[in-house]
Amino acid sequence: MSKKTEKRSCESSECRAEGIYHFLEWLVTALASTLVFIVFLMQVYRIPTGSMADTLKGAHFRLRCEQCGYRYDYDFSPSQYKMKENVFPNQDLPIRKECRCPSCGYAYRVWMREKDPLYHQRVYKGDQIFVLKCVYQFFEPNRWDVVVFKNPLEPKINYIKRLIGKAGEKVEIIDGDIYINDRIMRKPPAVQEELWMPIYENDYQPVHPEESRFNRHPWRQPFENVGASRWDLGGRERPFFTLEEKDRTVHRVQYNPQIGNDFRAVYAYDPPDFIPYMPICSDLMIRCCPQMSADSGLGCELGKYGRRYQGWLHGDGRMEIVKIGAGEERTILAEGAAEIKDSFQWKEFRFFLADHQLVLEYGQTKLIYDLGRSVEDAGTERHIWPEAAILGYGTVRIFHIGLFRDIYYMNTDVSDPQRPILQGGEGNPVILGEDEFFVCGDNSPYSLDSRWWNRPGVGNRGRTYRQGIVPREYLVGKAFFVHWPGGYPVIPGFFRFIPYVDGMKVIYGGSRGWDVKEQTPAAAEKQL
């Protein structure tokens with residue numbers, strides 16, 4: 001071999017060795033960066049149970065009502081199949097407990113068909129989420145954040161809940177709402193949107209309404225004309241309401257909770273065993289998309305604690321929030337104007353009452369009226385059932401009609417309404433000390449959280465923490481994104497590696513300072 005050839009061979013060997021060295025250097029750097037990223041910045045968690053449903057789901061069935069076609073998720077409970085906790089099956093399984101459509105109320109009794117493989121359902125994994133770790137070492141937690149923390153009763157286990165109370169605060173749950181220092185706490189808009197739950201959606205109507213399994217009776221339209229009202233309520237082929245009158249007489253259709261799903265704090269994700277014992281939720285929303293002429297008007301009415309409020313959109317663009325007094329006396333609480341370019345444009349119209357606040361929306365235009373933040377500002381007659389109605393005059397057509405309720409934080413046992421929660425119930429508030437937090441699950445009836453912890457928390461070296469609180473040092477991080485919802489296989493029984501894209505979402509939490517400002521009704525009116 002010539003010296004020239006030998007030199008080239010050595011250079012080539014040196015280049016290969018240098019390339020391998022640089023590759024190993026890059027690999028070690030990448031692994032180190034990943035380790036730092038996982039340990040200090042971000043971690044992936046799989047949701048094991050349904051205590052945060054429907055915001056975050058554990059292992060579940062994805063169902064579609066066989067009558068109206070409404071899609072909803074239903075909890076998978078391993079114990080019903082004699083499986084160990086948190087076990088995930090690869091095979092399809094029958095549903096062994098009754099579930100109920102959250103829109104039409106149809107009872108889906110698939111256990112009667114357990115031997116028929118056609119009625120076996122696929123089980124989907126719990127949502128997989130990204131969690132920002134160590135964020136609370138640099139920033140204070142916000143109320144309504146979805147937080148991961150070490151369970152004070154079993155610190156080796158991580159829990160995920162929504163942060164409700166912060167250090168130094170007095171926490172009290174009254175009629176489903178959160179009160180901090182005797183003032184109701186309002187949810188930020190993004191969180192509120194996440195927590196609305198369906199009572200009825202008119203776009204989904206049964207194919208066989210004559211069956212008797214719609215809340216134990218045949219189905220019929222739950223919105224009903226009142227008195228001489230002349231709304232045409234359409235039907236399955238025309239799922240919209242129409243009013244065609246020449247005068248300005250107001251015509252009214254009212255939701256009948258004795259026919260449709262009622263106003264109880266029921267979760268479609270849970271078995272409906274305890275529906276008759278669930279509390280009534282009086283924070284409601286009506287939504288629709290209207291078309292109307294310039295001399296017409298559309299309104300929605302909500303009743304809470306015996307008080308009635310209306311939100312109106314008139315054909316000329318005027319918007320009003322009105323209180324209806326004795327003898328139908330009208331008191332305008334707030335006024336505004338929306339832009340209506342033509343009668344056939346599609347914009348969403350919503351009127352809701354949540355957390356002692358009235359909100360009227362049409363497209364991007366919004367009116368807000370504050371009823372006050374003290375316990376009695378919204379009324380005291382809690383025994384009176386809420387009401388929901390749609391009003392109109394002239395020529396109006398409305399599409400995509402829906403009725404929804406707010407989240408309801410329960411302060412009694414789901415199976416025994418006479419048994420109050422252990423911490424934070426009405427008349428039994430929790431006063432948090434320094435570095436103490438109070439958490440609740442979004443699936444309030446089936447969440448083991450601060451309300452129900454029955455013994456002090458466990459700390460290091462024999463230390464204990466107060467019953468019902470999460471200490472600051474047990475906060476792991478903030479959940480912020482569902483990146484792998486569910487998961488299903490291409491081939492049944494094979495590895496489930498495909499996520500449901502429509503379930504990917506940001507997990508909305510608190511907004512700094514959102515619930516600090518307080519507005520009196522007079523101040524809110526002045527602002528509008």
Fill in the blank from the handout: Of the residues in segment 146-182, those that are in contact with a Phe, Trp or Tyr (Cβ under 9 Å, 6 or more places away or on another chain) and assigned to a loop (DSSP other than H, G, I, E, B) number 6
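Out of all the residues in segment 200-224, which are part of a strand (DSSP E or B) and in contact with a Ser or Thr (Cβ under 8 Å, 6 or more places away or on another chain)?
Those that are part of a strand (DSSP E or B) and in contact with a Ser or Thr (Cβ under 8 Å, 6 or more places away or on another chain): Tyr200, Glu201.
Before we move on, is Ile340 of a type in the set (A, V, I, L, M) and exposed (fewer than 15 other Cβ atoms within 10 Å of the Cβ)? Write out each step before concluding.
On the way: of a type in the set (A, V, I, L, M): yes; exposed (fewer than 15 other Cβ atoms within 10 Å of the Cβ): no.
Here the answer is no, as Ile340 does not meet what is asked.
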Problem - Which numbered condition Phe399 misses (of (1) crowded, with 22+ Cβ neighbours inside 10 Å; (2) assigned to a strand (DSSP E or B)) - result: (1)
Handout entry: Sole residue being open to solvent by less than 40 Å² (accessible area, probe 1.4 Å), closer than 30 Å to Tyr108 by Cβ and out of contact with any Leu (no Cβ under 6 Å at 6 or more places or on another chain), chosen from Glu201, Glu172
Key = Glu201
Problem - Residues located in segment 241-261, provided they are hydrophobic (A, V, I, L, M, F, W, C), out of contact with any Lys or Arg (no Cβ under 7 Å at 6 or more places or on another chain) and either open to solvent by 30 Å² or more (accessible area, probe 1.4 Å) or not in a strand (DSSP E or B) (or both) - result: Val250
Exercise for the section: Could you please tell me which pairs satisfy a Cβ distance under 7 Å, a separation of 6+ or placement on different chains, a first residue in segment 78-106 that is without any contact (Cβ under 8 Å) to a residue 40 or more places away in the chain, and a second residue that is part of a loop (DSSP other than H, G, I, E, B) and basic (Lys, Arg)? Expected result: Pro78/Lys84; Gln80/Arg96; Gln80/Lys97; Phe88/Lys125
Handout entry: Subset tally (residues that are at pLDDT 90 or above and among the aliphatic types (A, V, I, L, M)) for segment 28-80
Key = 6
Fill in the blank from the handout: For Ile160, the lone unmet condition from (1) β-branched (Val, Ile, Thr); (2) open to solvent by less than 10 Å² (accessible area, probe 1.4 Å); (3) at pLDDT 95 or above is (2)
Practice task
Among the residues of segment 185-194, write down those that are surrounded by fewer than 20 Cβ atoms within 10 Å (Cβ to Cβ) and outside any loop (DSSP other than H, G, I, E, B).
Solution key: Pro189, Ala190, Glu193
Practice task
Identify, by number, the condition in (1) among the hydrophobic types (A, V, I, L, M, F, W, C); (2) closer than 30 Å to Phe88 by Cβ; (3) at pLDDT 95 or above; (4) within 24 Å of the chain's Cα centre (by Cα) that Phe130 doesn't meet.
Solution key: (3)
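Could you list all residues from segment 382-396 that are of a type outside the set (Phe, Trp, Tyr) and open to solvent by 30 Å² or more (accessible area, probe 1.4 Å)?
Within segment 382-396, the subset of a type outside the set (Phe, Trp, Tyr) is 382-384, 386-392, 394-396.
Residues satisfying the conditions are Arg382, His383, Ile384, Glu387, Thr395.
The values are calculated or read from the model by the stated rules, or taken from the named source; none is laboratory data. Worth saying up front: this structure is predicted, and the values here are computed from it rather than measured. Glycine gets a Cβ as well: all are built from the backbone with ideal geometry, and neighbour counts include every protein chain shown. Only protein heavy atoms, including side chains, enter the accessible area calculation; ligands, DNA and RNA are left aside. Shrake-Rupley method; radii C 1.70, N 1.55, O 1.52, S 1.80 Å.
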